[in-house]
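**Student:** Pasting a structure below so you can have a look.
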Amino acid sequence: MSDLPNIDFSVLGVPDLGRLEPGKLSTHPPRILLLYGSLRERSYSRFLTLEAERLLRHFGAETRMFDPHGLPLPDATASDHPKVQELRELSLWSEGQVWCSPERHGAMSAVMKAQIDWIPLATGSVRPTQGRTLAVMQVCGGSQSFNAVNQLRVLGRWMRMVTIPNQSSVAKAFQEFDEAGRMKPSSYYDRVVDVMEELVKFTLLTRERSDYLTDRYSERKEAAEKEAKRLAAEAMRHEVKAAE
């Protein structure tokens, strides 16, 4: 007799190392979506995101950056708004993402949160973020803080993303960029290089394996129960029809 009486063994699997070896490796560049959290003309979160994009392209990634100008507040309009659709399509296209926010009042900016709130956890059977890699960064107006990146990590977990261990927090960002918006040489810049390099590595490691890595017992059990109910209802309809 099993010592796991609450388990449905018909949908329980034992993790299989062999299934972590993809049958075929993708040859296209890693697809990375970058989001930043400020609408200012001289936006340091945008400058930092642009530096990240340059590095990602050097590492062989294909990138897209979403411009949050014109994105409505969540629930202020229907989800068929063009900017919302653009954001969601980019999220589906991506295999990894970069989120970069300024810290406002000890938290991520509303602009950053609005973008994430417009990306649903699930649309039918499609999950726009699940299994994708994520790198988080922030810029600070004063001394170094990690409030925004810590919050972004919470959101990444909630969106079922694979958030990489490394992160970037740039203190006194107004001192770290020149007039053209390029980041000056510093230990902060070196950390950005580390984070983008790590993101590309994690994306290459997980993108063919994400379906298996996010295949969960509870969801398989729920799907099996729904299928059983569907089959039972179908059988009942056939019986009623035959009796008529």
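The values are calculated or read from the model by the stated rules, or taken from the named source; none is laboratory data. In this text the structure is predicted, and so the values were computed from the model without any measurement. Positions of Cβ are generated from backbone atoms using ideal geometry, with glycine treated the same way; all protein chains shown enter the neighbour counts. The area values use the complete protein model at the heavy-atom level, side chains included, leaving out ligands, DNA and RNA. Shrake-Rupley method; radii C 1.70, N 1.55, O 1.52, S 1.80 Å.
**Student:** Can you sort Ser91, Ser210 by 1.4 Å-probe accessible area, starting with the largest? Provide the component values of the computation, followed by the final result.
**Tutor:** Details: Ser91 0, Ser210 20 Å².
If we order Ser91, Ser210 from most to least accessible, we get Ser210, Ser91.
**Student:** To continue, here is another question. As I understand it, the value is the acute angle between the Cα axis of helix 44-58 and the longest principal axis of the Cα atoms of the chain; what does it come to in degrees, rounded to 10?
**Tutor:** Approximately 70 degrees, to the nearest 10.
**Student:** Among the GluC sites (Glu not before Pro) in the stretch 22-108, which ones are in a DSSP loop with at most 13 other Cβ atoms within 10 Å of the Cβ? Mind listing them? Don't jump to the answer; show the numbers that get you there.
**Tutor:** On the way: sites: Glu41, Glu51, Glu53, Glu62, Glu86, Glu89, Glu95, Glu103; in loops: Glu41, Glu95.
Qualifying residues, ordered by number: Glu41.
**Student:** Say R0 is 30 Å: what FRET efficiency, to the nearest 0.05, do His105 and Met65 get from their beta-carbon distance?
**Tutor:** The computed FRET efficiency comes out at 0.75.
**Student:** Rounded to two decimal places and with Rh computed the Kirkwood way over Cα pairs, what is Rg over Rh for the chain?
**Tutor:** Value, to two decimals: 1.09.
**Student:** Beyond 13 Å, what percent of the Cα pairs of the stretch 49-96 remain? Write out the running numbers ahead of the final one.
**Tutor:** Working: 704 of 1128 pairs.
That tail contains 62 percent of the Cα-Cα pairs.
**Student:** Beyond 24 Å, what percent of the Cα pairs of the stretch 91-224 remain?
**Tutor:** The proportion of pairs with Cα distances above 24 Å equals 36 percent.
**Student:** Next up: Can you tell me how the stretch 58-149 classifies by the Cα gyration tensor, rounded, prolate or oblate, using a/c under 1.5 as the rounded cut?
**Tutor:** oblate
**Student:** Quick one: Karplus J couplings for the stretch 222-229, per residue in order, coefficients 6.51, -1.76, 1.60, θ = phi - 60°, nearest Hz, x for Gly and Pro?
**Tutor:** Karplus values, whole Hz, x for Gly and Pro: 4, 5, 5, 5, 5, 5, 5, 5.
**Student:** Can you bin every Cα-Cα distance in the stretch 1-136 into 10 Å intervals starting at zero and give me the percent of pairs per bin, rounded to whole numbers?
**Tutor:** 10, 33, 29, 15, 11, 3, 0
**Student:** Against the empirical 2.2 N^0.38 Å scaling, what ratio does the C-alpha Rg of the stretch 133-180 come to?
**Tutor:** 1.29
**Student:** Any idea how far apart Met236 and Arg40 come out in nm if each label point goes 7 Å out from Cα toward Cβ?
**Tutor:** 6.1 nm
**Student:** State the extension gain, in nm to one decimal, for the chain segment bounded by Phe174 and Trp158, taking 0.36 nm per residue of separation less the distance between their alpha-carbons. Don't skip to the answer; put the middle values down first.
**Tutor:** Details: separation 16, 0.36 × 16 = 5.76 nm, distance 3.15 nm.
2.6 nm is the gain from fully extending Phe174 to Trp158.
**Student:** If I take R0 = 25 Å and measure r between the Cβ atoms of Leu25 and Tyr217 in this structure, what FRET efficiency does the formula 1/(1 + (r/R0)^6) give, to the nearest 0.05? Provide the component values of the computation, followed by the final result.
**Tutor:** Numbers: r = 27 Å, r/R0 = 1.10.
For R0 = 25 Å, the calculated efficiency reads 0.35.
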